[in-house]
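The values are calculated or read from the model by the stated rules, or taken from the named source; none is laboratory data. On a predicted model such as this, the values are computed, not experimentally measured, just so you know. Here the Cβ positions follow ideal geometry from the backbone for every residue, glycine too, while neighbour counts run over all protein chains shown.
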Amino acid sequence: MTGPLAPAFPTVDYGALAPVLIVLGAACLAVLLEALLPMRVRGRVQLSLTLVAVVAALLAVIVRATSGAPAVSTLAGAIAVDGPALFLWGTLLALAVPSVLLLADRSVEPGGAFLADPVALGEAEAEQRAREKAGVGARSGSSGSSGRAGGSSGGRLTGRGGQPVEGHTEIYALVLFALGGMLVFCASDDLLTMFVALEVLSLPLYLLCGLARRRRLMSQESAVKYFLLGAFSSAFFLYGLALLYGYADSVKLTDISLAAAGSLRPDSLLFGGLALLVVGLMFKASVGPFHTWTPDVYQGAPTSVTAFMAACTKVAAFGAILRVFTVAFGSTVWEWRGVLWVVAIVSMVIGAVLGLTQTDVKRMIAYSSVAHAGFLLLGAMAITPAGLSATLFYLLAYGFTTVALFGLVSLVRGPDGEATHLSAWAGLGKRSPVVAAAVTFLMLALAGIPLTSGFTAKFAVFSAALADGMTPLVIVALVVSAVAAFFYLRLIVLMYFSEPAADGPTVSVPGPFTTVAITLGVVVTLLLGVVPTAVLGWADGLSFLG
């Protein structure tokens, strides 16, 4: 059909979208392989496909970033491939590599951390006996406790009919879909695409959180909480989108910005829509007081899933927050900044104060992430080039530190799996000096001690906030940082200055996958603290399209 009534087809820049297409294409292929391949080879093939897809997408990002190609808005303006988008894509894909390695490890937890059958019995002895009495299933093999230090599992896992149960392999497809959604989420140039990407990244995470082999009831409870609260926050996001469409007659970020700068319509639609939109975004970023899912999900989910979620989801969420604030609402910054000051202070205080009361390591790290989300908001609120580059650097630094830390948490084992209670970490410096030293270094990075990436990241964000006139907020952040340092140092003191219990938990010898993931995180944390100029130089001068 030709002429004035011919449909206008959107142009697609396949080169710019190559990283997203690679990841989502591999996810679709992984679903087919899951259905077609025999079980004995499925896990190796799925792992290989996932790693190849992630590395290929990362190489595509590097090629695009170094080729000097201009920023483009493609798919009818739905996705903007600009400097910040490429940085965030590179960060997400780089963090996905150690995260996938942790997911694939079978040495720390014999058979893997995931269970294939929803009613299969876990290896925790108390849960085993309770389910046997209830007649849910039986365990074959010996009745000894599950192995320590990566030893024997103490019996085969059984599902329906007493048949042996193998670990999940569809987790790789779920991770690829979640990663693809994250890539689109932080590069979306209109709110409708951003909402679809939010659902694509969230639904696989809900499933992954409930698939733990150990502490199955806690894992499933965390998945239900995450799903219900996530659906609630998505409703806020969608309602805010509707209000903004009513205000600007468009869901594109640039059109909303133009309407906000010169529209005669009442501002109640604009700021009501922004408030609801912010609730959805802050929930996904674990910003207090919208953090209520975070400690329960961090504790209940398999630790490898927690590592992936804690690092990558925060990068994607703050990437979207930066784009929305800068592109759509940059002209109205003085109207909404005061409210976000309160949100940032609440998030920092909640994370630091409630973190002091935690006796579980995973919950303590969860509240730490809430405090760090408040620090990140300082850079996001600045709406300056310095604030943008500091926030991007902070996301990269925090992500690698978090992945490595959760990898180390998975190594401390008790008879019922991971030993995450603080008392189990007493004397860890005597039991395993290397693990204790790595945990100490990463804890100091989270506290912001010099010669770590955490210090450089906090210095950059606080400097950008000071330059933009947020001195009172920076003072609050410094005080909160000092308070939060206490629970980091408490764990360090416990590891080195307490005697280990005679029958206390042991430390597993990590397999090659976990070793590579932890080593990568520790090395990047050190390099970004000692020589951060290369990454900061890339982040400087980046700007959003539009």
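A few remarks follow.
- Figure legend. Inter-residue proximity from the stretch 315-330: first residues touching a residue at least 60 places away in the same chain (Cβ under 8 Å) and within 24 Å of Ser202 (Cα to Cα), second residues among the β-branched types (Val, Ile, Thr) and buried (at least 24 other Cβ atoms within 10 Å of the Cβ), beta-carbon distance below 8 Å, spacing 6+ or different chains. Indicated pairs: Val315/Thr91; Phe318/Thr391; Leu322/Thr391; Ala328/Ile256.
- If you go through the stretch 419-439 and keep only what is under 24 Å from the mean Cα position of the chain (by Cα) and buried (at least 24 other Cβ atoms within 10 Å of the Cβ), you end up with just Val439.
- Tabulated pairs, the stretch 88-108, first among the charged types (D, E, K, R), second buried (at least 24 other Cβ atoms within 10 Å of the Cβ) and part of a helix (DSSP H, G or I), C-beta under 6 angstrom, 6+ apart or interchain: Asp105/Thr514
- Output for the stretch 209-225, where each listed residue is part of a helix (DSSP H, G or I), over 13 Å from the mean Cα position of the chain (by Cα) and either among the polar types (S, T, N, Q) or buried (at least 24 other Cβ atoms within 10 Å of the Cβ) (or both): Ser219, Gln220, Ser222
- Any hit, the stretch 53-70, residues being farther than 27 Å from Gly319 by Cα and either buried (at least 23 other Cβ atoms within 10 Å of the Cβ) or touching a helix residue (DSSP H, G or I) at 6+ places or on another chain (Cβ under 7 Å) (or both): no
- Taken over the stretch 491-530, the residue count meeting the criterion of being of a type in the set (A, V, I, L, M) and within 25 Å of the chain's Cα centre (by Cα) is 13.
- Of all residues making up the stretch 500-528, the number that are more than 12 Å from Phe400 (Cα to Cα), modelled with pLDDT of 90 or more and buried (at least 17 other Cβ atoms within 10 Å of the Cβ): 3
- Yes/no for Thr525 being among the hydroxyl-bearing types (Ser, Thr, Tyr), in a helix (DSSP H, G or I) and free of Cβ contacts under 8 Å to residues at least 12 places away in the same chain: no
- Among the residues listed as Leu466, Leu442, Leu489, the single one being in a helix (DSSP H, G or I) and either buried (at least 22 other Cβ atoms within 10 Å of the Cβ) or polar (S, T, N, Q) (or both): Leu442
- Verdict on Gly351 being buried (at least 24 other Cβ atoms within 10 Å of the Cβ), in contact with a Leu (Cβ under 7 Å, 6 or more places away or on another chain) and assigned to a helix (DSSP H, G or I): no
- None of Phe318, Phe308, Phe325, Phe283 is of a type in the set (A, V, I, L, M, F, W, C) and more than 14 Å from the chain's Cα centre (by Cα) except Phe325.
- Apart from one condition, Leu95 fits all of (1) part of a helix (DSSP H, G or I); (2) farther than 25 Å from Gly521 by Cα; (3) of a type in the set (A, V, I, L, M); the exception is (2).
- Within the stretch 233-242, not a single residue is part of a helix (DSSP H, G or I), farther than 30 Å from Leu205 by Cβ and in contact with a Lys or Arg (Cβ under 8 Å, 6 or more places away or on another chain).
- Evaluated against (1) at pLDDT below 85; (2) closer than 19 Å to Thr313 by Cα, Leu157 falls short on exactly one condition, (2).
- Some residue of the stretch 53-64 being within 12 Å of Tyr172 (Cβ to Cβ), in a helix (DSSP H, G or I) and within 22 Å of the chain's Cα centre (by Cα): yes
- Only a single criterion out of (1) at pLDDT 90 or above; (2) more than 14 Å from Ile171 (Cα to Cα); (3) part of a helix (DSSP H, G or I) is not satisfied by Cys28, namely (2).
- Across the stretch 358-374, a minimum of one residue is classified as of a type outside the set (Val, Ile, Thr) and more than 17 Å from the chain's Cα centre (by Cα).
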